[in-house]
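One structure below.
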Amino acid sequence: MPEDIIEENPLFGGSISSTFPRRFQDISNIREVPDHQEVFADPSRDESLIFELLEYKPDVADNGSATWFLQDLAREQDAEGCVVIEQSGVLEAPGLMYRNTPAVASTAVGQMTISKGRQGREAQNLVKVYLANLRLKEVETDVLITAYEPIVINPLSESADTVGAGAAVPAAQAGCNPMDDVFKLAVTSFKVHEWSLF
């Protein structure tokens with residue numbers, strides 16, 4: 001049975017790093033990715049991991065910020081039936097300290113139906129979405145770390161060609177780490193090496 005090989009990955013030219021399984025391939029080698037994003041995917045499981053640097057949103061409260069961004073993401077992707085399954089309180093992230101001010105973090109997990117790329121609603125997949133918001137207020141940046149895990153693949157989805165339609169194969173059965181573990185590791189290992197990036 002294959003096993004995930006875990007490694008630290010440089011992001012944004014090495015200014016940031018995070019640790020996650022090697023099976024997640026850098027999508028910028030396949031297609032253009034916006035400069036404020038780093039996108040990784042495991043096409044064999046239709047799972048993805050996205051790191052995004054956004055301008056800090058001062059009008060969004062720390063408490064519940066991850067839930068706000070999750071719902072914003074659902075609107076942006078024209079998702080249906082977005083349900084928040086769990087959310088954390090606000091946590092300080094002392095490992096992300098800038099000028100003696102630690103970042104604050106919150107997480108949310110949701111479930112929604114979304115289509116891949118430019119496909120229509122008839123091809124929507126049921127997906128579990130994990131989102132962390134790391135708020136780097138001193139450098140006016142909201143970091144989003146988002147992980148997508150398919151639950152049910154629609155037969156009309158382009159994903160069905162690769163991973164098959166129907167219920168997704170559980171990670172343990174496929175011999176790899178579950179997406180919630182991949183997400184937790186990516187978030188807890190997130191490091192800024194060059195604050196001048198901001």
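The values are calculated or read from the model by the stated rules, or taken from the named source; none is laboratory data. Only a predicted model underlies this, so the values are computations on that prediction, with no experimental measurement involved. Here the Cβ positions follow ideal geometry from the backbone for every residue, glycine too, while neighbour counts run over all protein chains shown. Accessible surface is based on the protein model in full, side chains and every heavy atom, while ligands, DNA and RNA are left aside. Shrake-Rupley method; radii C 1.70, N 1.55, O 1.52, S 1.80 Å.
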Query raised in the report: Taking all protein chains as present, what is the carbon and sulfur share of the accessible area of region 1-150, in % to the nearest whole number, probe 1.4 Å?
Result: 46
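For region 108-198, calculate the relative contact order in percent as a whole number, restricting contacts to Cα pairs under 8 Å that are 6 or more residues apart.
Numbers: 132 pairs, mean separation 19.7, N = 91.
The value is 22 percent.
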Report summary line: Farthest towards the positive end of the dipole of region 58-102, among V60, Y98, Q71 and with Cβ unit charges of +1 on Lys and Arg and -1 on Asp and Glu, lies the Cα of Y98
**Report entry** Share of pairwise Cα separations in the chain, more than 31 Å, in percent
**Finding:** 15
Report task. Starting from the residue with the highest accessible area, list L131, L91 in decreasing order, probe 1.4 Å. Result -> L91, L131
Query raised in the report: Cα-based count: Lys pairs in the chain below 20 Å, eight or more positions apart or different chains?
Result: 4
Report summary line: Note to self, the chain gives a 222 nm [θ] from helices alone (DSSP H runs n ≥ 4, -39500 (n - 2.57) apiece, / all residues, nearest 500) of -4000 deg cm²/dmol
Query raised in the report: Relative to the longest principal axis of the chain, what angle (0 to 90°, nearest 10) does the C-alpha long axis of helix 65-76 take?
Result: 40
Requested in this report: Sticking with the crude label model, points 7 Å out along Cα→Cβ, report the distance from S17 to D59 in nm, one decimal please.
Outcome: 3.9
Query - Rounded accessible area per residue of region 1-131, 1.4 Å, Å² - result: 54
Query raised in the report: So between K191 and E92, what do we pick up on full extension, going 0.36 nm a residue minus the alpha carbon distance?
Result: 34.2 nm
Report task. Using +1 at the Cβ of each Lys and Arg and -1 at the Cβ of each Asp and Glu in the chain, identify which of L49, Q25, S196 lies farthest towards the dipole's positive end. Result -> L49
Query raised in the report: Order of 52-65, 96-109 by packing, highest average Cβ count within 10 Å first?
Result: 96-109, 52-65
Query raised in the report: What full-extension length gain, to one decimal in nm, is calculated for A167 and R75 as 0.36 nm per residue of separation minus the Cα-Cα distance?
Result: 30.7 nm
